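Report on the structure given below.
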Amino acid sequence: MQTLLSQLLRDSDEYTLWIADENSKALLSAGIHFAGSLLSNRWDIVSAAEAIDIPARFCDFELGGEGKKYTRIIYPVSKEKAAVHHVINAAVETLQDGGELLLLGEKSSGIKTYAQKAAARLGSPKQLQKHGNDYLSTSVSHTGKAGAPLEDTDYTRLRQPEGLEGLWSKPGLFGWNKTDVGSALLVRELPQCLPADNTADFRVVDLGCGYGYLSTQLASLLPSREKLYIQATDNNAAAILACGKNFQARNIHGTVTAGDAGSEIRTGTAQLVICNPPFHQGFQVEGDLTDRFLQQAARILCPEGTALFVVNEFIPIGRKAERLFQKVELLNKEQGFCVYRLTKSNIETVKYRAN
């Protein structure tokens with residue numbers, strides 16, 4: 001994917017828009033030359049682009065945000081079908097007449113189906129080329145021949161799906177319309193990690209907050225809300241929108257900010273970190289994601305602070321956490337998930353090895 005993408009990016013001008021995903025990070029780190037502008041729903045990608053002076057915008061696939069008409073849009077397709085459909089729909093309004101929408105993806109990404117849909121939506125003959133294991137779809141925008149919009153689940157709209165206890169969410173988020181099993185298991189263990197003194201200040205960081213399920217459940221457990229301050233953070237633009245809405249709707253005292261696994265949170269500021277870390281980046285499994293979340297949790301916690309993590313049982317978080325925390329406890333193992341309590345301390349403690 002990176003070879004094909006880099007070739008397309010080199011042939012760019014100021015009217016080229018690159019919708020960048022996790023496959024783009026290595027190219028940005030290598031300092032690729034790109035003459036256009038970049039858009040991403042990932043904060044780390046936008047930060048990497050800005051570091052090498054590429055104009056970049058962090059948003060939830062808002063293609064028309066700059067009011068600019070492009071001659072070419074380059075888009076490695078997302079894992080979320082609603083997001084891909086939304087981008088294809090928006091390309092009709094964002095491309096100049098005769099402009100190109102280039103979709104890239106492996107066979108397993110659904111690229112062949114997307115190529116057909118993009119051609120119909122833009123009023124263009126289908127063009128699909130195979131490049132090794134990757135495919136490139138090229139659709140030319142014909143304003144007067146545009147087809148019917150694709151079903152994108154009303155992608156841009158925040159809504160309150162059934163079963164989310166009145167929480168706001170949207171497509172583009174993991175488990176956006178249901179309560180995640182692992183997160184629900186973590187919430188069951190929260191009471192034993194809360195301070196006995198409800199009148200004391202209590203600072204919490206929600207790493208990888210998503211639409212804010214963990215934060216809202218924690219807030220509901222503490223009657224003295226004026227003493228609770230929650231910093232929720234996520235790498236995903238849709239998460240920032242949804243979590244911010246939930247904080248506002250439930251009058252939660254705190255902030256919702258973009259960051260890469262908590263990279264923007266100050267060191268040693270939290271008494272509790274709560275986290276259901278992702279282990280996928282798009283279509284790929286990222287083995288080091290858990291390590292990054294653990295490292296950031298250890299950095300963010302104050303002395304004697306506690307982190308509560310839930311992970312799939314196949315992730316060896318107990319072993320990974322031992323070099324960062326003085327105490328590692330397995331609190332629950334159920335339904336394919338494990339909930340761990342990780343404790344920092346300034347005093348000598350016994351280290352518990354999880355089985």
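The values are calculated or read from the model by the stated rules, or taken from the named source; none is laboratory data. Note that the structure is a prediction, hence the values are computed from the model and not measured. Ideal geometry is used to build each Cβ from the backbone, glycine not excepted, and the neighbour counts take in all protein chains shown. Ligands, DNA and RNA are stripped out before the accessible areas are found, and what is left, the full protein with its side chains, is counted by its heavy atoms. Shrake-Rupley method; radii C 1.70, N 1.55, O 1.52, S 1.80 Å.
A few remarks follow.
- Any chance LYS112 is open to solvent by 60 Å² or more (accessible area, probe 1.4 Å) and part of a strand (DSSP E or B): no
- Looking across region 165-194 at every residue that is charged (D, E, K, R) and more than 19 Å from GLU80 (Cβ to Cβ), the one that is most open to solvent (accessible area, probe 1.4 Å) is identified as ARG188.
- Once region 172-205 is narrowed to residues that are assigned to a loop (DSSP other than H, G, I, E, B), within 25 Å of the chain's Cα centre (by Cα) and not aromatic (Phe, Trp, Tyr), the residue that is modelled with the lowest pLDDT is GLY175.
- Any chance LEU101 is open to solvent by less than 40 Å² (accessible area, probe 1.4 Å), at pLDDT 95 or above and either under 23 Å from the mean Cα position of the chain (by Cα) or not hydroxyl-bearing (Ser, Thr, Tyr) (or both): yes
- Residues that are under 18 Å from HIS85 (Cβ atoms), of a type in the set (S, T, N, Q) and in a loop (DSSP other than H, G, I, E, B), drawn from region 132-164: SER141, THR153, THR156
- Filtered by the rule that a residue be within 20 Å of ARG299 (Cα to Cα), among the hydrophobic types (A, V, I, L, M, F, W, C) and open to solvent by 30 Å² or more (accessible area, probe 1.4 Å), region 320-341 gives a lone residue, LEU324.
- Residues that are modelled with pLDDT of 95 or more and open to solvent by 30 Å² or more (accessible area, probe 1.4 Å) were ranked within region 63-75; the one that is nearest to GLY110 (Cα to Cα) is ARG72.
- Answer residue from region 195-205, given it is touching a residue at least 24 places away in the same chain (Cβ under 8 Å) and either of a type outside the set (A, V, I, L, M) or open to solvent by 60 Å² or more (accessible area, probe 1.4 Å) (or both) and is nearest to ARG292 (Cα to Cα) among those: ARG203
- Which numbered condition ASP154 fails, given (1) in contact with a Lys or Arg (Cβ under 7 Å, 6 or more places away or on another chain); (2) loosely packed, with under 14 Cβ neighbours inside 10 Å; (3) not β-branched (Val, Ile, Thr): (1)
- Candidate set: region 118-137, residues that are crowded, with 18+ Cβ neighbours inside 10 Å and within 27 Å of the chain's Cα centre (by Cα); chosen: the one farthest from GLY99 (Cα to Cα): ASP134
- Boolean, ALA270 is of a type in the set (A, V, I, L, M), in contact with a strand residue (DSSP E or B) (Cβ under 7 Å, 6 or more places away or on another chain) and at pLDDT 95 or above: yes
- Evaluation of LYS69 against (1) out of contact with any His (no Cβ under 8 Å at 6 or more places or on another chain); (2) without any contact (Cβ under 8 Å) to a residue 40 or more places away in the chain (one fails), failing number: (2)
- Residues located in region 19-44, provided they are assigned to a strand (DSSP E or B) and within 18 Å of the chain's Cα centre (by Cα): ILE19, LEU38, LEU39, SER40, ARG42
- Yes/no for SER78 being part of a loop (DSSP other than H, G, I, E, B) and buried (at least 17 other Cβ atoms within 10 Å of the Cβ): yes
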